[in-house]
Amino acid sequence: MNEAPKRPRFLLLNPKDNVAVAVSPLKSGEQIEIDSQHVTLANDIPAGHKFALREIGAGSDVIKYGEVIGKATSSIHSGEHAHVQNIVSARLPGPARTL
Amino acid sequence: MSIELAGYLRADGRWGARNHILVLPSVVCSGLAAERIAQMTDTIHVVHQHGCGQVGDDVEHTERAFFGMATNPNVGGTVVVSLGCETIQGKRLADRIARHGQRLKFTGIQLSGGTDKAVDAGCEAVAALNVVVEQDTRRPMPPSGLLIGVDCDDEHGVQIAQALASIAESAGAGMVLAAAGDKPTWSSGPLAQAATVAYGDSAPAGRISIVEEAGRGSEQHVALAAAGAQVLIALRGRGRPPVGFAICPVIAAAGDTRTYTALVDDFDVDGSGEPDTVARSVWNRTLEVFGGRETASERRGARDFSLGRLARNM
Amino acid sequence: MSSLELTGWRRKSGWWGIRNHVLVLPTNAAADLAAGRIAEGMAGVRAVAHQWEDAGDDRDRERILRTLAGFSSNPNVAVALVLGITQDDREIAERIAATGAAVEFMAMADHRGTNGSVEAGRRVASGLADRAAALEREPMPISDLILGLECGGSDALSGITANPALGIASDRLVELGGTSVLAETSELIGAEHLLAARAVSPEVARRVIEVVHAFELAILELGVDIRGAQPAPGNIEGGLTTIEEKSLGAAKKGGDAPVSGVTDFAIRPATKGLYIMDTPGHDIEQMTGMVAGGCQIAVFTTGRGTPTGCAIAPVIKVATNTAIFNRMRLDLDLNAGAILDGDETLPSMGARIFDEIVRVVNGGLTSSERRGNHEFAISRTSYPVPA
């Protein structure tokens, strides 16, 4: 039986990336396998949002599309939701964001 | 001199000269939906190019303008139409308006599922508001309830404004003047004692005041409306055509007779004469207009809305 | 694959239009109401409105004038009816005429104001619409097509589905000798090095970097936190975290084609190929600038859902995801979310977009045309407006 192609639930856009994109909403605790890496989600990830594939140290580059999309403002652990609460633009930072 | 006027008393204690339902898009992208809602329900809408890609103080400045429009005492109820993704968040604006005590309904295009659904929801919102708004009636209003809004382009206009300020003061009425930059200074007369009103704040009742940073040209109409003015007096400079305003009657005074004659259907008075005489004539017209007499702008159904900004779009 | 036979109207300027509108253009905010009423309910007649009052010394005067004149000289306009205040108010009409475009002029002062102008204007517009209707389409070279690329209400999928698919369609147009315009300079911050690397010359590469850095500098000089504008709240909800991330996704609309040049707001590309136009990210300012710069058609990708279009140019709306496509079906045209559903691949979606461009060029209507969208905006670089 031919199966219809399954809708991906997450995407790795470039092998250099240290974040992946959730295409569907993902649940905390889920075990993800990407590009032979294993990641356990530490948070719920809304559709379209990113999660870290490995530890990203505070001040380190966040890589998506194979390019720098910003800097981590605090350490982002593997499987954590990576978004405005822990990533800031490297180009146009504004006033420090408080959580 | 005593004046006898009747107006609509609003929840915030201010008085209206009209009882409009306003359909206000919080962003340029919801303008067409607002237009369609207003066309189908015979209410007032505005169309503008703002609300997207704004930064810094410019965001609050624009929100104050929208808030001021929606809560102006000429407005009996407002429907805010938003898109959803924009910088000036429609829902936040709607909540702010409702907290003020204004009758408010909200619809969003992305929330509703597209333009048609938003238009349907908007029309229902108008119908719901109408039930209450059409119950409003005029009642006798003290002179201090009158707040005229004046903008002028040149020195001749300033002189007329000074004369109007004297008349308003003697009548116990309020007047708010729009200044393009910082509050200008006068050495004498009622304008010298004028209070300063920040953009978007209510002007004090029964007093002469000036809105700072009110923008240029007909952008000043919004500043005056946001201060709570019910009737606007546009003292246009030489050669300048009149621009109306969506929620306030505008008495347009031409700066020269040639322009007045050329655009006679769109002006209300020839303002080129002696300032005291023009002021007296405009004042008398203002009282009639407050009570319901249509200005040229209302006769033609003017829906103009020009917003002054503080920064470019991103 | 569709037949590549395009048709259009060849204008006296030598430019080709794919629509045949009469456009009523107010020179001044005071003429907006009359212009709108002249066009109201009249088949083949469109109008736009704006809040400019030409008040002498204005740093953006040239930018605004060339936007108004350029929009009215777009070859989709068979003839422009410029509505001025007095007979002296002819500057915009003269600029339109200088391009070779057809233009008529009316002054409100000759008709006592709005109502008289509407009455007279409707008679004039009706005659112009008849004149336009007598013009015929002819076979049009695809190399005369200028495609505007736009994204609005972006989400994280914009850079994954719709924008790359559009990039494929854009590359195909460029290969065939046509022109694509990539804009939204604020949404190239973080991706400019990738575009500069594809520039046809070191001079163009320098211009790409210069234009993006100039915008960035303008933002820094304002001393504001750009977050909330770029990315906007909807972008952030949709998963976009920073301006760079948004830009890397936005730049994909330009595909992989070499970058032939950079133009200023509302200025027509000097040659064929992929161009970058310096515009804000504001959806309507950008669309207005691209059309004023000669784009006859635009493809507009959206993740959160945008209902806008353009008064004189067809705008093809492409959803980034199936959920929004279904939700806002009547405001949209194509669904790139099908790529994630497994119903399309990037190449097949790119081909689908290209086929739709051809269909629309040849007269097929878009959802925004059916709706009668007429958004328009002047663009300013400086505030406040001097007296």
**Item:** Among the residues listed as A:G29, A:G59, A:G70, A:G48, the single one being on the phi > 0 side of the Ramachandran plot and either part of a strand (DSSP E or B) or open to solvent by 50 Å² or more (accessible area, probe 1.4 Å) (or both)
**Value:** A:G70
**Prompt:** If you check C:G100, C:G116, C:G127, which single one turns out to be of a type in the set (G, A, S), over 27 Å from the mean Cα position of the chain (by Cα) and surrounded by fewer than 16 Cβ atoms within 10 Å (Cβ to Cβ)?
**Reply:** C:G127
**Asked** Just checking, which of C:E150, C:E136 is open to solvent by less than 10 Å² (accessible area, probe 1.4 Å) and of a type in the set (D, E, K, R)?
**Response** C:E150
**Request:** Output the residue which, of all residues in segment C:354-387 that are over 17 Å from the mean Cα position of the chain (by Cα) and of a type in the set (A, V, I, L, M), is nearest to C:E175 (Cα to Cα).
**Result:** C:V358
**Complete:** The residue that is surrounded by the fewest Cβ atoms within 10 Å (Cβ to Cβ), considering only those in segment C:194-250 that are touching a strand residue (DSSP E or B) at 6+ places or on another chain (Cβ under 8 Å) and among the hydroxyl-bearing types (S, T, Y), is C:T241
**Request:** Quickly run through segment C:197-221 and pick out the residues that are charged (D, E, K, R), assigned to a helix (DSSP H, G or I) and over 14 Å from C:P280 (Cβ atoms).
**Result:** C:E203, C:R206, C:R207, C:E210, C:E221
**Complete:** Those residues of segment B:142-178 which are within 18 Å of B:R18 (Cα to Cα) and surrounded by fewer than 21 Cβ atoms within 10 Å (Cβ to Cβ) amount to B:P142, B:P143, B:S144
**Message:** Looking at B:D116 and the list (1) within 11 Å of chain C (Cβ to nearest Cβ); (2) of a type outside the set (S, T, N, Q); (3) touching a strand residue (DSSP E or B) at 6+ places or on another chain (Cβ under 6 Å), which single condition is not satisfied?
**Reply:** (3)
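Quick grid of which residues meet (1) touching a residue at least 60 places away in the same chain (Cβ under 8 Å); (2) in a helix (DSSP H, G or I); (3) of a type in the set (D, E, K, R):
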site: B:R238; (1), (2), (3): yes, no, yes
site: B:P242; (1), (2), (3): no, no, no
site: B:F245; (1), (2), (3): yes, no, no
site: B:S272; (1), (2), (3): yes, no, no
site: B:V278; (1), (2), (3): yes, yes, no
site: B:V282; (1), (2), (3): yes, yes, no
site: B:T286; (1), (2), (3): yes, yes, no
site: B:V289; (1), (2), (3): yes, yes, no
**Request:** Scan segment C:325-356 residue by residue and report those that are outside any strand (DSSP E or B) and polar (S, T, N, Q).
**Result:** C:N326, C:T345, C:S348
**Item:** Residues located in segment C:62-72, provided they are within 19 Å of C:P314 (Cα to Cα) and open to solvent by 10 Å² or more (accessible area, probe 1.4 Å)
**Value:** C:G70
**Message:** When the residues of segment B:179-221 are narrowed to those that are closer than 20 Å to B:W15 by Cβ and in a loop (DSSP other than H, G, I, E, B), which ends up most open to solvent (accessible area, probe 1.4 Å)?
**Reply:** B:R207
**Asked** Given (1) in a helix (DSSP H, G or I); (2) without any contact (Cβ under 8 Å) to a residue 40 or more places away in the chain; (3) of a type outside the set (K, R), where does C:V224 come up short, assuming only one miss?
**Response** (1)
**Request:** Assess whether C:A377 counts as being outside the structural domain of C:R61 (by TED's automatic domain parsing), more than 26 Å from C:L157 (Cα to Cα), at pLDDT 95 or above and of a type in the set (A, V, I, L, M, F, W, C).
**Result:** yes
**Request:** Kindly indicate which of C:G294, C:G305, C:G289, C:G281 is more than 10 Å from chain B (Cβ to nearest Cβ), part of a loop (DSSP other than H, G, I, E, B) and not aliphatic (A, V, I, L, M).
**Result:** C:G294
**Prompt:** Are any residues in segment C:22-49 acidic (D, E) and buried (at least 21 other Cβ atoms within 10 Å of the Cβ), and if so, which ones?
**Reply:** C:D32
**Prompt:** Can you spot a residue in segment B:294-313 that is more than 14 Å from chain C (Cβ to nearest Cβ) and either surrounded by fewer than 24 Cβ atoms within 10 Å (Cβ to Cβ) or touching a residue at least 40 places away in the same chain (Cβ under 8 Å) (or both)?
**Reply:** no
**Item:** Extreme residue, farthest from the other protein chains (Cβ to nearest Cβ), among residues of segment C:333-377 that are within 30 Å of B:R309 (Cα to Cα) and touching a Lys or Arg at 6+ places or on another chain (Cβ under 8 Å)
**Value:** C:S368
**Asked** Among the residues of segment C:308-320, how many are within 12 Å of another protein chain (Cβ to nearest Cβ), in contact with a helix residue (DSSP H, G or I) (Cβ under 8 Å, 6 or more places away or on another chain), under 13 Å from C:H374 (Cβ atoms) and of a type in the set (G, A, S)?
**Response** 1
**Item:** Candidate set: segment B:247-270, residues that are surrounded by fewer than 22 Cβ atoms within 10 Å (Cβ to Cβ), outside any helix (DSSP H, G or I) and among the β-branched types (V, I, T); chosen: the one farthest from the chain's Cα centre (by Cα)
**Value:** B:V264
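The values are calculated or read from the model by the stated rules, or taken from the named source; none is laboratory data. For clarity, every value in this text was computed on a predicted model and none was experimentally measured. Note that each Cβ is placed from the backbone with ideal geometry, even for glycine, and that neighbours are counted across all protein chains shown. Calculation scope for accessible area: heavy atoms of the full protein, side chains included, ligands and nucleic acids excluded. Shrake-Rupley method; radii C 1.70, N 1.55, O 1.52, S 1.80 Å.
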